[in-house]
Amino acid sequence: MEMSGGSRLDPYVDRYAARTHGMTTSEIRALFAVANRPEIISMGGGSPFVSALPLDVIAEMTSKLIAEQGAKALQYMGGQGDERLRELICGVMALEGISASPDDVVVTVGSQQALDIVSRIFLDPGDVVIAEAPSYVGALGTFTQYQADVLHVTMDDAGLVPAALREAIARVAREGRHAKFLYTVPNYHNPAGITLVEERRDEILAICAEAGLLILEDNPYGLLGFDGPPLPALRSRVSEGVLYLGSFSKTFAAGVRVGWVLAPPGVKEKIVMASEATTLCPVALSQYVVAEFLAHHPWQEQVKVFRELYRVRRDACLEALTASFPAGSSWTRPAGGFYVWVTLPEGVDAKAMLPRAIQGRVAYVPGIGFYADGQGQRNLRLSYSLPEPERVREGVRRLAGVLADELDIVTTFGGRPAPEAAS
Amino acid sequence: MSDLGHVLVLAGGVSFEREVSLSSGRRVADALMQLGVDVELVDVDAHLLPRLANDPPAAVFVAVHGVEGEDGALRDALDLSGVPYVGATGSAARLAFDKAVAKAIAGRAGLPTPASVALQHAAFRDLGGAMLLDRVVERLGLPLVVKPARGGSALGVSVVRTAAELPPAMVGCYSYDSVALVERFVTGVELAISVIDDGADGPVALPAVEIEALSGTFDYAARYTAGMTEYHVPARLDPALAAAAADVAVTAHRALGLRDLSRTDVIVTSDGRIEYLETNVSPGMTTTSLLPLAAAAVGRDLGTLCRDLLQQAAIRGRSAPGAPV
């Protein structure tokens with residue numbers, strides 16, 4: 001088999017759409033493939049601790065569900081999602097102060113699908129999305145696939161900085177460009193672990209309303225606060241101008257892939273049509289399982305169980321960081337959710353250090369992935385949600401050892417910033 | 001069903017090339033299965049040795065890449081377990097896997113190789129980083145390529161075009177390995193030449209695969225994303241040069257004491273010099289890997305090739321029990 005003219009091993013390589021050009025495998029993907037091995041304490045992925053669910057109860061419930069309602073649960077359904085579940089979702093959102101009608105809710109395959117649909121119906125190539133710095137990597141990936149440009153806005157310990165948001169909006173206007181929405185995770189931010197303080201929420205809403213900027217409020221962690229009742233969502237304060245994304249991935253089970261979007265009626269219609277074009281309907285069986293769990297089981301007690309165990313793990317993580325991390329590093333102190341955002345000492349590149357960490361049997365996500373503009377070299381995200389508290393402590397201790405070795409190397413070579421790697 | 005008996009394909013492990021290895025392993029196992037071989041794909045973990053003891057296979061195909069598959073330890077463990085396997089012995093793999101050692105052995109066998117220096121991090125700490133790097137640049141010139149001495153798939157490799165880029169490249173490299181190979185960057189036609197030794201004729205080179213990375217650098221993405229690299233088999237070379245390149249690969253295979261299969265990477269410079277870079281004792285077997293491409297170019301089915309090598313390993317095991325197999 002002589003290949004005259006050479007072969008690129010993919011006969012379709014010249015036919016792909018322009019939006020696929022960034023879809024390549026990467027060194028980071030290779031490293032994460034190792035991180036899932038049991039020998040390694042992975043503080044990388046934001047996986048919920050689903051082992052805390054009453055699995056036997058869910059098994060029995062699902063079995064009964066299929067026996068009694070299988071003809072519906074295993075059938076297609078409407079693209080907007082099961083009406084009973086949408087009613088129950090409105091009850092969930094009411095805990096965060098949102099008053100909504102089931103007619104305005106669209107069930108999606110995780111809130112990730114909602115991100116995709118919202119991007120599809122709003123973003124043209126070259127549009128601008130304004131987002132916190134840093135931002136959820138899965139959202140950035142979606143915006144990039146729709147060929148939008150992301151403009152990051154600074155956060156401080158109190159969340160998104162209003163003055164920085166004003167400046168970003170003005171900058172986009174000066175450049176004659178079109179910002180389509182602000183993407184924000186106001187509660188227990190992924191990856192930053194920061195919560196937008198109460199005092200800033202109305203101001204952020206006012207700034208966006210004044211600029212005609214839609215807000216995409218992504219709130220998967222809102223019920224997982226450690227210090228009191230849930231904070232009222234941005235959407236609870238206004239009925240227009242906010243698309244609200246919710247998810248059962250963190251409060252029930254990520255594997256059921258059930259999320260939702262609450263949208264104004266016109267937008268909702270487009271979301272339903274776009275969703276039908278992708279999946280026909282969200283997964284019926286998963287919707288029935290979630291609805292059963294919400295309707296017939298003390299699900300809020302289950303959320304309390306999750307909150308408590310994540311609080312213990314957060315404490316373990318912070319204590320271990322305080323005990324073992326060197327001067328020059330700092331980290332956020334999340335009041336809920338899954339993540340601590342760490343800033344490493346000057347000169348240390350978290351991405352370059354990852355292979356050393358994996359050899360040290362601990363994994364994290366380098367900060368650079370949470371920016372669309374190359375920031376975050378000195379940052380990393382630690383997720384404390386999945387490992388048991390002792391493993392969280394051990395993971396941070398291991399990472400401190402790795403960091404000490406890396407600092408030794410960096411000091412030897414003068415701590416200059418990393419160049420673009422060959423791979 | 002083949003008369004080979006039950007065989008294992010080992011893949012995965014905890015090396016950085018785990019994903020590539022799993023992909024290689026699946027492809028080899030599938031190819032063997034299509035021939036009716038009783039084959040099982042097995043990850044390398046704490047369950048492996050008890051399993052080998054309780055249910056010894058006829059032979060093992062090592063598709064583990066990176067430190068775990070190529071530094072010799074796994075192969076030594078297989079020898080200690082009395083399980084025959086395809087490929088180099090532990091001691092030979094250990095020499096070949098270390099690029100600095102392999103270059104020295106190849107050099108002694110008369111093969112030109114780019115000027116280089118292998119440096120432990122401790123040397124920089126003890127002798128002073130900045131000064132030592134200045135000497136490296138003075139001696140080798142620019143551009144340079146910095147590679148982990150032990151590693152594969154271009155992980156941790158940086159091309160350095162200015163002196164200022166060298167320190168961070170060293171930092172990135174040391175995250176993968178404690179020894180960095182700093183080598184003069186040689187431009188030219190990049191070739192990968194696979195060597196197969198499955199018969200009485202001794203090691204034989206398959207047609208060279210010419211690698212044309214469309215981004216200009218044959219990095220991790222270019223290696224494993226179909227479409228990013230153009231491969232020419234056989235390489236677009238003058239036949240005499242192609243034969244000389246094949247000789248380099250066979251010479252390296254022999255000089256390093258390898259057996260069964262290997263893949264040697266070389267650069268052919270514009271003035272026709274063949275520069276030896278490295279030899280891989282566990283070549284990739286993925287859909288974008290180079291040994292399967294070369295084998296296909298001469299009509300050799302991957303499954304048949306792997307089965308023959310397993311058969312050879314099994315016979316070796318039966319004929320010399322207790323010896324490295």
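The values are calculated or read from the model by the stated rules, or taken from the named source; none is laboratory data. What you see is a predicted model; the values in this text were computed from it and never measured. Virtual Cβ from ideal backbone geometry, glycine too; neighbours counted across all protein chains shown.
Data table
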| quantity | calculated |
| --- | --- |
| Pairs, first buried (at least 24 other Cβ atoms within 10 Å of the Cβ) in the stretch B:56-69, second of a type in the set (S, T, N, Q) and assigned to a strand (DSSP E or B), C-beta under 9 Å, six or more apart | B:65/B:280 |
| Number of the exception - residue B:147 against (1) among the basic types (Lys, Arg); (2) surrounded by fewer than 24 Cβ atoms within 10 Å (Cβ to Cβ); (3) within 14 Å of another protein chain (Cβ to nearest Cβ) | (2) |
| Qualifying residue in the stretch A:150-166 (condition: β-branched (Val, Ile, Thr), part of a helix (DSSP H, G or I), closer than 17 Å to residue A:126 by Cβ and in contact (Cβ under 8 Å) with a residue 12 or more places away in the chain) | no |
| Some residue of the stretch A:45-63 being free of Cβ contacts under 8 Å to residues at least 24 places away in the same chain and surrounded by 15 or more Cβ atoms within 10 Å (Cβ to Cβ) | no |
| Out of B:156, B:152, B:172, sole residue that is within 23 Å of the chain's Cα centre (by Cα) and either assigned to a helix (DSSP H, G or I) or surrounded by fewer than 16 Cβ atoms within 10 Å (Cβ to Cβ) (or both) | B:172 |
| Tally of residues being touching a helix residue (DSSP H, G or I) at 6+ places or on another chain (Cβ under 9 Å) and either at the interface with chain B (Cβ under 8 Å from one of its Cβ atoms) or in a helix (DSSP H, G or I) (or both) across the stretch A:12-22 | 2 |
| When residues of the stretch A:203-230 are limited to those that are part of a loop (DSSP other than H, G, I, E, B) and in contact with a strand residue (DSSP E or B) (Cβ under 7 Å, 6 or more places away or on another chain), the one farthest from residue A:307 (Cα to Cα) | A:213 |
| Residue B:271 vs. criteria away from chain A (no Cβ under 13 Å), closer than 24 Å to residue B:161 by Cβ, without any contact (Cβ under 8 Å) to a residue 40 or more places away in the chain and out of contact with any strand residue (DSSP E or B) (no Cβ under 9 Å at 6 or more places or on another chain) | yes |
| Output for the stretch B:159-168, where each listed residue is surrounded by fewer than 19 Cβ atoms within 10 Å (Cβ to Cβ) and either more than 10 Å from residue B:143 (Cα to Cα) or facing chain A (nearest Cβ under 7 Å) (or both) | B:164 |
| Meets criteria (at pLDDT 95 or above and over 28 Å from residue A:53 (Cβ atoms)) for residue A:268 | yes |
| Unique residue being surrounded by fewer than 20 Cβ atoms within 10 Å (Cβ to Cβ), more than 30 Å from residue A:23 (Cα to Cα), away from chain A (no Cβ under 14 Å) and at pLDDT below 95 when the list is B:238, B:247 | B:238 |
| Residues satisfying the stated conditions in the stretch B:284-294, i.e. hydrophobic (A, V, I, L, M, F, W, C) and within 19 Å of residue B:11 (Cβ to Cβ) | B:285, B:290, B:291 |
| Members of the stretch A:64-87 found to be buried (at least 16 other Cβ atoms within 10 Å of the Cβ) and of a type in the set (A, V, I, L, M, F, W, C), listed by number | A:65, A:73, A:77, A:85 |
| Search result, residues across the stretch A:225-244 that are crowded, with 22+ Cβ neighbours inside 10 Å and under 19 Å from residue A:339 (Cα atoms) | A:231 |
| Qualifying strands (runs of 3 or more DSSP E) (wholly inside the stretch B:185-282; at least 2 residues being polar (S, T, N, Q) and within 25 Å of residue B:158 (Cα to Cα)) | B:261-268, B:274-280 |
| Some residue of the stretch B:289-300 being assigned to a loop (DSSP other than H, G, I, E, B), more than 14 Å from chain A (Cβ to nearest Cβ), among the basic types (Lys, Arg) and surrounded by fewer than 21 Cβ atoms within 10 Å (Cβ to Cβ) | no |
| Check on residue B:133, within 14 Å of chain A (Cβ to nearest Cβ), in contact with a Leu (Cβ under 7 Å, 6 or more places away or on another chain), without any contact (Cβ under 8 Å) to a residue 40 or more places away in the chain and over 24 Å from residue B:291 (Cα atoms) | yes |
| Looking only at the stretch A:27-40, and only at residues there that are in contact with a helix residue (DSSP H, G or I) (Cβ under 8 Å, 6 or more places away or on another chain) and without any contact (Cβ under 8 Å) to a residue 24 or more places away in the chain, the one that is farthest from the other protein chains (Cβ to nearest Cβ) | A:29 |
| Filter result for residue A:70 (part of a loop (DSSP other than H, G, I, E, B) and among the small types (Gly, Ala, Ser)) | no |
| Hits in the stretch A:370-418 (condition: modelled with pLDDT under 95, in a helix (DSSP H, G or I) and within 22 Å of the chain's Cα centre (by Cα)) | none |
